[in-house]
Amino acid sequence: MIKKLSIAILLFISFAFYKIEYSEKKKSLKLEREPYLQTVFADSATISWKTNIISKVSLKYGESKLEMKSVDGKVVDKHVNILNEVVLKGLKPNTKYFYEIYNNDSLMAGGDSYYFISSVKAKSKEKFSFYAMGDIGQPKAKGGFPDITANQINKLETRPDFGIGLGDIVYPIGESKKYDAYFYEPMAPILRNIPFYPALGNHDWYSDPDENFKREWKLPNNEHYYTFSYGNSFFIALDSREGGFYKFRKQKAWLEKTLKENQGKYDWIFVYLHHNGKTCSYKKDYKHVMKLYDVFAENNIDFVLNGHAHTYERLRPYDKNGNILTKYSDDEKYPEIENGFISITAGAGGKLKTPWTPDPSNQKNCKDGDIVSKFYHKGHFTTFEIVGKKLVFKGIDSETGEVFDTFTMEK
Ligand SMILES: [Fe+2]
């Protein structure tokens, strides 16, 4: 009898401990990815973060931290990540909002650096800036430095209103499971208050983008190629895949239609994609990109930005055949480029090609002659500041913050 009773007591105690442990596990909610801004437009914004367990999702936001209203969110993806997402609507344009995120009514993150600024009104001529860089998510152990670049962007005197990613967002093969360690953690200080719009690179294509890249982002259109606008500027992201554009004919037709529909509506048009066209870097000239030069040159596109080569290279203005427009001889001060565009490689956001030394003679005289305005071989990012029809460009060293290249364009 005593033996039976002892067994029963033991079983009861074990069960009680199991229950406590189970409920503790259930309670130990953890933030696995800091909140990051997805799309932020003039009247709406989407904020995401990742937790270890599924829970009730909500967010408080307001122009002042003392007066915030609460909005419920949802869990959007349970495949690899538990992503919490809140969509805010009815925002005022060009307004700073603080936010705090909650799971099961517990505060998970909030404070001075958790905010977003809704876009300026469409077509407004208000001043704004953005950063652009490619080739980012390389781990530190393999010589990567996305944290150093993010840190320098964080220190900029003028905080960019958004960032664009020129492909190869996460090495080596763009897997969802590497996003936290290789991209979101090092970039967290800027992603929480500067939205980021990436394009797909060849490395992002080594894993199925529909199962990886697209799970991490919430971009316009089909997320492979898309557009968005900010004030008086129009941005077009293309998917240059590898060895040929993703659904080339369809994408090109979409590009032409989009450009036709928006012709004359904006002061500035930017195209960004991963692969370079003509280059003097260690990468080859990608013919599939050069096939679109006529579309770029004939549709008032001002800049074509790319990554892929882990170095920096600003080319002189081209025409549709890729021939240098020699009349634009002052490469620090440009007027509007007619029937041409400027192509820039900014491909060392988190990864630099080493060992490799650019050859100055080669840089200035490769293949078709003097095509390079400026090259630089260190970790970097670029910024564009726009006020109406005036643009100031800067190439900035990730480590030192030195402005190694700059020019203006005024239309
Ligand atoms: Fe690449």
Next on the checklist: Nearest 5 percent is fine: what portion of the DSSP beta bridges confined to the range 234-345 is antiparallel?
Outcome noted: 25 percent
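Please work out the Cα convex hull volume for the range 266-354 and give it in Å³ per residue.
Numbers: hull volume 9.1 nm³, N = 89.
About 102 Å³ per residue, rounded to a whole number.
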Next on the checklist: Suppose the Debye formula is applied to equal point scatterers at every Cα of the range 31-117; what is log10 I(q)/I(0) at q = 0.15, 0.23 Å⁻¹?
Outcome noted: -0.49, -1.12
Checklist entry - Debye sum, Cα scatterers, the range 82-228, no solvent: what log₁₀ I/I(0) at q = 0.16, 0.17, 0.21 1/Å? => result -0.99, -1.12, -1.52
Item to check | Cut-off under 5 Å, modelled amide H: who pairs with Glu336 long-range | outcome: Glu410
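What helices does the chain hold that run 24 Å or longer along their axis, going by alpha-carbon atoms, with a Kyte-Doolittle average of -0.5 or more, using DSSP H for the helix calls?
Working: long enough: 2-27 (37 Å, 0.40).
Answer set is 2-27.
What do you get for trypsin sites (Lys or Arg not before Pro) in the range 286-326 restricted to DSSP loop and a cutoff of at most 15 other Cβ within 10 Å of the site's Cβ?
Details: sites: Lys287, Lys291, Arg314, Lys320; in loops: Lys291, Lys320.
Within the range 286-326, the qualifying trypsin sites (Lys or Arg not before Pro) (loop, at most 15 other Cβ atoms within 10 Å) are Lys291.
What value does the range 136-183 have for Rg/Rh, both radii from Cα atoms and Rh as Kirkwood defines it?
Rounded to two decimals, Rg over Rh is 1.01.
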Checklist entry - Counting only residues 5 or more places away or on other chains, whose amide H sits under 5 Å from the amide H of Ala309 once H atoms are built in the peptide plane? => result Asn276
Item to check | Quarter of Cα convex hull surface for the chain, i.e. mean projection, nm² | outcome: 23.9 nm²
Item to check | Most mobile of Thr95, Thr311, Thr354 in a GNM of the chain (Cα contacts under 10 Å) | outcome: Thr354
Checklist entry - Taking the Cβ of Ile136 as the center, what net charge do the other residues with Cβ under 11 Å away carry, scoring Lys and Arg +1 and Asp and Glu -1? => result -3
Checklist entry - Roughly what % antiparallel, to the nearest 5, for the DSSP beta bridges in the chain? => result 75 percent
Item to check | Sequence of Ile53, Ile269, Ile82 once ranked by neighbouring C-beta atoms within 10 Å, starting from the fewest | outcome: Ile53, Ile82, Ile269
Checklist outcome for this item: Per the helix-only model, the chain has a calculated mean residue ellipticity at 222 nm (DSSP H runs of ≥4, -39500 (n - 2.57) each, divided over all residues, rounded to the nearest 500) of -5500 deg cm²/dmol
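The numbers here are math on the coordinates, done by the rules we state, and not lab data. Given the structure is predicted, the values throughout are model-derived calculations rather than measurements. Cβ coordinates were reconstructed from backbone atoms using ideal geometry, including for glycine residues, and neighbour counts include every protein chain displayed.
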